[in-house]
Each structure stands twice: as structure tokens, then as C-alpha cells.
Amino acid sequence: MVLTTFLFQIFLYCHFGNEVMLKSLKLANVMSMMDWTLLTKNTKHGLLLICIRASNPIILMSGSVIPMTYGTFIQILRISYATYNLLQNTNG
């Protein structure tokens, strides 16, 4: 029960971190589909700066080292299972 709770908590962080990354990547694509000809020069300039910034995705990090994505969650599961098997084999 405790293991399931821990894994679910880690999964939630990874899920929402992945969603933030995907939404930030999608922002530049959505903005490029706008009709820019109707906008003022200042608005175009502001949107261009936002597009340039949005080309680098926002990635939530844990401890400024580990990105919180689905790939990270899968790696945690693999390492946990491998460690569990190693401990089971050494004990007996």
C-alpha cells in the first residue's frame, strides 16, 4: 500500500510536468497559425518574442537535476524493480 502511494505521488508530478512541457511546445505552433497581418507592430513584436521563448519548452525539474516527465517515471520504475530483484537474489 505504501509503495503504491509513493509511486502514485511520483507519477502525478511526472504527469503534470510532462503536460506543462507539451503545452509550452504547442504554444509556438498555435501562435504561428494566427493572422498576423491584422495586428499592430508592437503586438507583432511582442508575439514574436513570445514565440522565440516558447521554442524552448518549459520543463519542471526536481532538485534542478531530474526532469519530471513520463520517461523519468519509467526510469524510476525500472531502477526500483532492478534494485528489488538484486536485493531478493542477495538475500537468498
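The values are calculated or read from the model by the stated rules, or taken from the named source; none is laboratory data. These numbers were taken from a predicted model, which means no experiment stands behind them. Here the Cβ is made from the backbone with ideal geometry for all residues, glycine too, and neighbour counts use every protein chain on show. Protein only, heavy atoms only, side chains kept; ligands, DNA and RNA dropped before computing areas. Shrake-Rupley method; radii C 1.70, N 1.55, O 1.52, S 1.80 Å.
Values for this structure:
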{"read-out": "Heavy-atom accessible surface of the chain: percent carbon and sulfur, 1.4 Å", "value": "68"}
{"read-out": "Which labelled figure in [x] 88; [y] 100; [z] 111 is volume of the Cα convex hull per residue in Å³, once derived from the coordinates", "value": "[z]"}
{"read-out": "Heavy-atom surface of the chain, accessible at 1.4 Å and reported per residue (Å²)", "value": "80"}
{"read-out": "13 Å beta-carbon shell around P57, net charge (K/R +1, D/E -1)", "value": "+2"}
